[in-house]
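Below is one structure; the comments refer to it alone.
The values are calculated or read from the model by the stated rules, or taken from the named source; none is laboratory data. Keep in mind that this is a model prediction, so the values were computed, not measured. Reconstructed Cβ throughout: ideal geometry from the backbone, glycine too, with neighbour counts over all protein chains shown. We work out accessible area using only protein heavy atoms, side chains counted, and drop any ligands, DNA or RNA first. Shrake-Rupley method; radii C 1.70, N 1.55, O 1.52, S 1.80 Å.
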Amino acid sequence: MNKILRGRLLTFLRKPDNHNDTEAFDFLEDGYLSIKNGKITSRGQFSEFKFDEEHTNIEIIDHRPNIIMPGFIDVHNHFPQLRVLASYGTQLMDWLTNFTFPEEAKFSKSSHCNKFAKIFIQTLFNHGTTTSVSFGSVHQASVDSLFSEALAKNMCLIAGKVMMDRNAPKNVLDTPESSYRETKSLIEKWHKKERLKYAVSPRFCITSSARQLELAGALMKEFDDCYLQTHLSENKQEIALAMSLFPSSKDYLDIYAQHNLLGPKSLMGHSIHLSPREIYQMAETKTVAVHCPTSNLFLGSGLYNFVRLSDNGVRTAIASDTGGGTSFSMLQNLDAAYKIQQLQNYSLDPLTSFYWITLGNANALGLQNEIGSLESGRYADIVVLNSKATRLSADRLLDCNNLIEELFVVQTLGDDRFVEAVYVAGSRVK
Ligand code: GUN
Ligand code: ZN
């Protein structure tokens, strides 16, 4: 059935130029959003909505006084790490060894994958995330389960089986050849089926041999509309190990460059400790630097330099990186991102923040014509936010004078309790 959502409509039109750039977004205090066959057909002032013949069989859902905006986009997270969140006491390399690899080993069983795929996708929705870019485990079954569940929900999901052939326990390893073969068969099975897309996923250069990275590069050439996701320069110990494994490479990024893994569809998780040369090459190749703020704080990895990357023309995106990250909430991740920039004497403004988790991330994925805004023709992937979900925020908002101030309160105090409703392709999922 067709639907009309009524409420406070907010959508970005472009990247904000400054903290007060009111031209960068469209806001309607009492707006309507018309949805037909899973897509947005129009929006406007509710008072101007015309109930013509076409609109006789229509459901009107009144979300006032909540904010209706595009669903959040999470550009980097790990499906098999739901039970890795909140693991105490380690930084990256020991965290992988002690907690992550043993947990991911459990995804060799289809029944385990099926059970967790349902929980994982519902958890994303509950936090307002409607599009996700996710790593599976090394097992083909993990990605089969995740794609099946996303397909059932008509969700936009980009995912891939991790390729990893060394420096980890045997039960989470593949081989260059098996990873190539399995990735290829997953691409043929899932890529571009409805709203699903495949990301070739070498975990990182520590767990992939040169031969495996070479085959990942070959897959990217063979299937040039797939994405690539991996990890880059997250932690100083990791970088030293990477350089010892690839001694002839100039730096960490060069390892991926030498295997033809850079480009506009390449998503580099973390991208923290980068040299000027690496930043230059990321900008040149249009490779995306994906910020994972709650993860970087939790694992003590370092401070992503948003200003330096943006000023040098690097394309950026933001993500939860759960289970290294500590929250599925993109609001919580914005809060952490703000604090990380504060530590570098820069105050990330709320307009840029909310742009980032919607249209900005859509742009980073090249999917701005499908998701990330409330333009007609886009999928009706929608989050409804209640700014006054807690007594604390309701009280704090008594002192707010405009939408921009309100958004900052929501990102600072907000989480899944603020997510009143979620729609994916027009169907309510929360
Ligand atoms: N580097 C390689 N694998 C991972 C992972 O699962 N999480 C994080 N945060 N970094 C990684
Ligand atoms: Zn990650």
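Summary table
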item: Residue match in region 238-259 (condition: touching a Gly at 6+ places or on another chain (Cβ under 7 Å) and modelled with pLDDT of 95 or more); result: yes
item: Scan of region 319-333 for residues that are in contact with an Asp or Glu (Cβ under 7 Å, 6 or more places away or on another chain) and near ligand 2 (Cβ under 9 Å from one of its atoms), ordered by number; result: Ala319
item: Residue among Val419, Val384, Val409 that alone is open to solvent by less than 30 Å² (accessible area, probe 1.4 Å), in contact with a Ser or Thr (Cβ under 7 Å, 6 or more places away or on another chain) and farther than 18 Å from Ser310 by Cα; result: Val409
item: Residue, most open to solvent (accessible area, probe 1.4 Å), within region 330-344, restricted to residues that are without any contact (Cβ under 8 Å) to a residue 60 or more places away in the chain and hydrophobic (A, V, I, L, M, F, W, C); result: Leu343
item: Out of Glu238, Glu234, sole residue that is closer than 18 Å to Val288 by Cβ and within 14 Å of ligand 1 (Cβ to nearest atom); result: Glu234
item: Region 277-302 - residue that is of a type in the set (Ser, Thr, Tyr) and away from ligand 1 (no atom under 16 Å from the Cβ) and, of those, farthest from the chain's Cα centre (by Cα); result: Tyr280
item: Condition met for Ser295 (out of contact with any Pro (no Cβ under 9 Å at 6 or more places or on another chain), within 14 Å of ligand 2 (Cβ to nearest atom) and at pLDDT 95 or above); result: yes
item: Residue in region 254-276 that is farthest from ligand 2 (Cβ to nearest atom), counting only those that are under 18 Å from the mean Cα position of the chain (by Cα) and not in a loop (DSSP other than H, G, I, E, B); result: Ser266
item: Unmet criterion (only one of (1) touching a helix residue (DSSP H, G or I) at 6+ places or on another chain (Cβ under 8 Å); (2) aromatic (Phe, Trp, Tyr); (3) within 16 Å of ligand 2 (Cβ to nearest atom)) for Phe72; result: (3)
item: Given (1) under 30 Å from Lys39 (Cβ atoms); (2) within 16 Å of ligand 2 (Cβ to nearest atom); (3) assigned to a helix (DSSP H, G or I), index of the condition Lys189 fails; result: (2)
item: Near pairs, Cβ below 9 angstrom, 6+ apart or cross-chain, from region 285-301 (open to solvent by less than 10 Å² (accessible area, probe 1.4 Å)) to any residue that is near ligand 1 (Cβ under 10 Å from one of its atoms) and of a type in the set (Phe, Trp, Tyr); result: Leu299/Trp95
item: Residue, nearest to ligand 2 (Cβ to nearest atom), within region 277-292, restricted to residues that are part of a strand (DSSP E or B) and out of contact with any Phe, Trp or Tyr (no Cβ under 7 Å at 6 or more places or on another chain); result: Val290
item: Residue within region 21-29 that is in a loop (DSSP other than H, G, I, E, B), on the phi < 0 side of the Ramachandran plot and either of a type in the set (D, E, K, R) or open to solvent by 70 Å² or more (accessible area, probe 1.4 Å) (or both) present; result: yes
item: Residue within region 345-361 that is of a type outside the set (Asp, Glu), touching a residue at least 40 places away in the same chain (Cβ under 8 Å) and within 16 Å of ligand 2 (Cβ to nearest atom) present; result: yes
item: Which listed residue, of Ser327, Ser320, Ser310, is in contact (Cβ under 8 Å) with a residue 60 or more places away in the chain, open to solvent by 10 Å² or more (accessible area, probe 1.4 Å) and of a type in the set (Gly, Ala, Ser); result: Ser327
item: Single match in Ile206, Ile239 (criterion: open to solvent by 10 Å² or more (accessible area, probe 1.4 Å), touching a residue at least 12 places away in the same chain (Cβ under 8 Å), within 16 Å of ligand 2 (Cβ to nearest atom) and out of contact with any strand residue (DSSP E or B) (no Cβ under 7 Å at 6 or more places or on another chain)); result: Ile239
item: Residue match in region 54-73 (condition: at negative phi, touching a strand residue (DSSP E or B) at 6+ places or on another chain (Cβ under 6 Å), away from ligand 1 (no atom under 15 Å from the Cβ) and not in a strand (DSSP E or B)); result: yes
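A quick yes/no check of all residues on (1) touching an Asp or Glu at 6+ places or on another chain (Cβ under 9 Å); (2) surrounded by fewer than 20 Cβ atoms within 10 Å (Cβ to Cβ); (3) in a loop (DSSP other than H, G, I, E, B):
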{"site": "Phe147", "(1), (2), (3)": "no, no, no"}
{"site": "Ala159", "(1), (2), (3)": "no, no, no"}
{"site": "Asn167", "(1), (2), (3)": "no, yes, yes"}
{"site": "Glu182", "(1), (2), (3)": "yes, yes, no"}
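Residue by residue, here is whether (1) among the β-branched types (Val, Ile, Thr); (2) within 16 Å of ligand 2 (Cβ to nearest atom) holds:
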| site | (1), (2) |
| --- | --- |
| Lys39 | no, no |
| Ile58 | yes, no |
| Ile67 | yes, no |
| Leu85 | no, yes |
| Leu124 | no, yes |
